[in-house]
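Working notes for the structure below.
Coordinate-derived values only; no laboratory data. Predicted, not measured: the structure shown is a model, and the values here were computed from it. Every residue, glycine among them, receives a Cβ derived from its backbone with ideal geometry; neighbour counts consider all protein chains shown.
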């Protein structure tokens, strides 16, 4: 699938990798589908890119890349 992005232009992604939010991101209720993009020039930052709006992208980071001893518990 071709995906238009503001940051990286038009890129090819596997449609099966699209993340569909059950509950929307607060303030962005009309956008439910995103792709997680990695780019070597911005590591360790990743990009949560809307598949529905090219200018909607959130920078995110994996805490383990900054803190090797990072740990958390997921409640039942």
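Looking only at the stretch 34-76, residues that are farther than 19 Å from residue 10 by Cα and out of contact with any strand residue (DSSP E or B) (no Cβ under 6 Å at 6 or more places or on another chain) come to 16 in all. Look at the stretch 1-26: where a residue is in a loop (DSSP other than H, G, I, E, B) and a partner is exposed (fewer than 11 other Cβ atoms within 10 Å of the Cβ), sitting 6+ places away or on another chain with Cβ atoms under 6 Å, you get 1/15; 6/55. The residues of the stretch 32-59 that are touching a residue at least 24 places away in the same chain (Cβ under 8 Å), in a loop (DSSP other than H, G, I, E, B) and either within 8 Å of the chain's Cα centre (by Cα) or within 12 Å of residue 19 (Cα to Cα) (or both) amount to a single one, 51.
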